[in-house]
Amino acid sequence: MTATTLITDIGELTTNLPGAPRATDAALVIEGARIAWIGSAADAPAADTAISVGGAAVLPGWVDAHTHLVFAGDRSAEFEARMAGHPYAASGIAATVRATRGASEAELRANLRRLRGEALRQGTTFLETKTGYGLDVDAEAQAARLAAESADVVTFLGAHVVPDGMDPRAYLDLVTGPMLQAVLPWVRFIDVFCEHGAFDVEQSREVLEAGRRAGLGLRVHGNQLGHGGGVALAVELGAASVDHCNALTSRDIDALAASGTVATVLPACDVSTRQPFAPARALIDAGATVAIASNCNPGSSYTTSLPFCVATAVLQMGMTVEEAVWSATRGGALALGLSDSPDAVGMIAVGGRADLQVLAAPAASHLAYRPGVPLTAAVWRAGELVTAPPRG
């Protein structure tokens with residue numbers, strides 16, 4: 001028999017089930033890795049173990065749909081210079097490429113596990129990460145293999161930038177040929193940095209179409225540093241998501257709203273680079289699907305904290321608490337193409353995967369009401385209690 005756990009005395013339960021408001025005085029039952037029952041605490045069935053959360057808020061685990069966790073090195077000097085007025089540019093990626101190529105596999109694995117654990121302790125139960133700091137065949141294959149050890153979804157980002165000293169045409173041939181073939185056993189998506197200083201629209205199209213022929217889903221870094229064709233390309237090709245979305249025209253917003261492509265906004269990156277925030281309010285009002293992700297990377301957003309991103313989205317981007325929580329949970333799942341997944345990550349549903357978090361607060365609004373305060377009190381991932389408050 002599979003063990004059951006009753007979580008009861010939930011002060012506020014956010015399920016993300018369509019049309020379901022946040023419930024009060026609720027309870028749920030975990031059976032194995034799945035949610036077996038949801039309802040009123042007064043009607044809760046017996047279970048092998050019962051845990052009272054004493055009126056705390058419970059919500060789905062965060063789904064972080066955009067990270068870059070396989071890297072070595074430190075770019076704090078670049079960050080300090082940026083805070084002193086130097087603009088952010090894609091060229092800083094080269095420093096991380098050099099450090100990553102020079103690191104041992106053990107060092108890369110240890111850093112990846114450290115960051116993954118850090119995210120989990122803050123409620124992130126499902127996480128995507130990318131390659132993109134190796135930029136040669138062996139280093140990208142190594143990054144994909146290591147990423148698959150810790151991440152739920154791995155994305156191939158060989159088209160991050162053209163490495164120093166390499167011809168762009170020769171590099172595109174490498175990315176769409178031998179490098180793509182080398183990473184295929186471990187990756188689900190292909191991505192491209194469609195931006196001035198990285199890859200233009202036609203180069204990006206070539207990368208994405210090669211990935212599609214290889215059976216991969218499509219994702220795009222687009223419209224971060226200025227108006228460009230990344231969003232339009234993502235929508236045209238039916239990409240699962242286009243990420244950053246800082247510089248959007250009304251046509252871009254309307255195109256996203258009419259498409260199945262998710263606009264993934266990256267609030268921590270916008271803060272760290274001192275760029276205008278992505279227009280999340282305009283996107284939501286137009287009917288676009290919005291996700292929130294951390295973009296954890298050593299250059300432009302060195303944080304694993306989705307609670308920080310949610311608070312920033314509410315306080316600075318005009319999103320409601322409910323919208324921000326949904327975007328960092330169910331929205332992230334949609335950005336990873338998981339809308340029809342039987343695991344139902346990003347929501348709490350009977351039969352779905354038991355990924356949830358308990359806040360040391362009575363309501364999800366405290367995530368923005370008390371910004372910067374560590375509120376994650378307990379986390380279940382696939383039914384396993386992986387972090388809990390200290391006893392005593």
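The values are calculated or read from the model by the stated rules, or taken from the named source; none is laboratory data. On a predicted model such as this, the values are computed, not experimentally measured, just so you know. In this analysis, Cβ positions are derived from the backbone assuming ideal geometry, glycine residues included, and neighbour counts consider all displayed protein chains. Quick note on the areas: whole protein, heavy atoms, side chains included, nothing else; ligands and nucleic acids left out. Shrake-Rupley method; radii C 1.70, N 1.55, O 1.52, S 1.80 Å.
Could you say whether any residue in the stretch 64-75 is buried (at least 17 other Cβ atoms within 10 Å of the Cβ), touching a Cys at 6+ places or on another chain (Cβ under 6 Å) and not in a loop (DSSP other than H, G, I, E, B)? Yes, because at least one residue in the stretch 64-75 is buried (at least 17 other Cβ atoms within 10 Å of the Cβ), touching a Cys at 6+ places or on another chain (Cβ under 6 Å) and not in a loop (DSSP other than H, G, I, E, B). Residues of the stretch 1-17 that are open to solvent by 40 Å² or more (accessible area, probe 1.4 Å), within 18 Å of A364 (Cβ to Cβ) and not in a strand (DSSP E or B): L17 alone.
Which ones in the stretch 115-142 are within 25 Å of G331 (Cα to Cα) and either surrounded by fewer than 17 Cβ atoms within 10 Å (Cβ to Cβ) or modelled with pLDDT under 95 (or both)? Hits for the stretch 115-142 are G117, E118, R121. Can you find even one residue in the stretch 102-111 that is among the basic types (K, R) and out of contact with any strand residue (DSSP E or B) (no Cβ under 6 Å at 6 or more places or on another chain)? Among the residues of the stretch 102-111, at least one is among the basic types (K, R) and out of contact with any strand residue (DSSP E or B) (no Cβ under 6 Å at 6 or more places or on another chain), which makes the answer yes.
Listed conditions (1) in contact with a strand residue (DSSP E or B) (Cβ under 6 Å, 6 or more places away or on another chain); (2) closer than 21 Å to G230 by Cα; (3) touching a residue at least 60 places away in the same chain (Cβ under 8 Å) are all met by V175, apart from (3).
Would you check which residues across the stretch 315-326 are open to solvent by 10 Å² or more (accessible area, probe 1.4 Å), part of a helix (DSSP H, G or I) and either without any contact (Cβ under 8 Å) to a residue 24 or more places away in the chain or within 17 Å of P60 (Cβ to Cβ) (or both) and list them? Listed by number, the residues that qualify are V321, E322, E323, W326. Put simply, of L375, L336 the only residue that is under 30 Å from Q275 (Cβ atoms) and in contact with an Asp or Glu (Cβ under 9 Å, 6 or more places away or on another chain) is L336.
Residues being assigned to a loop (DSSP other than H, G, I, E, B), crowded, with 17+ Cβ neighbours inside 10 Å, touching a residue at least 60 places away in the same chain (Cβ under 8 Å) and in contact with a helix residue (DSSP H, G or I) (Cβ under 9 Å, 6 or more places away or on another chain) are represented in the stretch 187-200 by at least one member. Just one of (1) of a type in the set (G, A, S); (2) in contact with a strand residue (DSSP E or B) (Cβ under 8 Å, 6 or more places away or on another chain); (3) more than 30 Å from M347 (Cβ to Cβ) fails for A26. It is (3). Only one of the listed residues (R169, R145) is basic (K, R), open to solvent by 30 Å² or more (accessible area, probe 1.4 Å) and without any contact (Cβ under 8 Å) to a residue 12 or more places away in the chain. That residue is R169. Against the test of being within 26 Å of D74 (Cβ to Cβ), part of a helix (DSSP H, G or I) and small (G, A, S), the options A182, A170, A139 yield a single qualifying residue, A139.
V310 passes every criterion in (1) crowded, with 24+ Cβ neighbours inside 10 Å; (2) within 22 Å of G260 (Cβ to Cβ); (3) not acidic (D, E) apart from (2). Taking first residues from the stretch 94-108 that are within 22 Å of A159 (Cβ to Cβ) and open to solvent by 70 Å² or more (accessible area, probe 1.4 Å) and partners that are modelled with pLDDT of 95 or more and of a type outside the set (K, R), the Cβ contacts under 6 Å between residues at least 6 apart in sequence or on separate chains come to R101/A139. The residues of the stretch 337-374 that are open to solvent by 50 Å² or more (accessible area, probe 1.4 Å) and not basic (K, R), listed by number, are G337, S339, D340, P342, V350, A360, P362, Y369, P371, G372, V373, P374.
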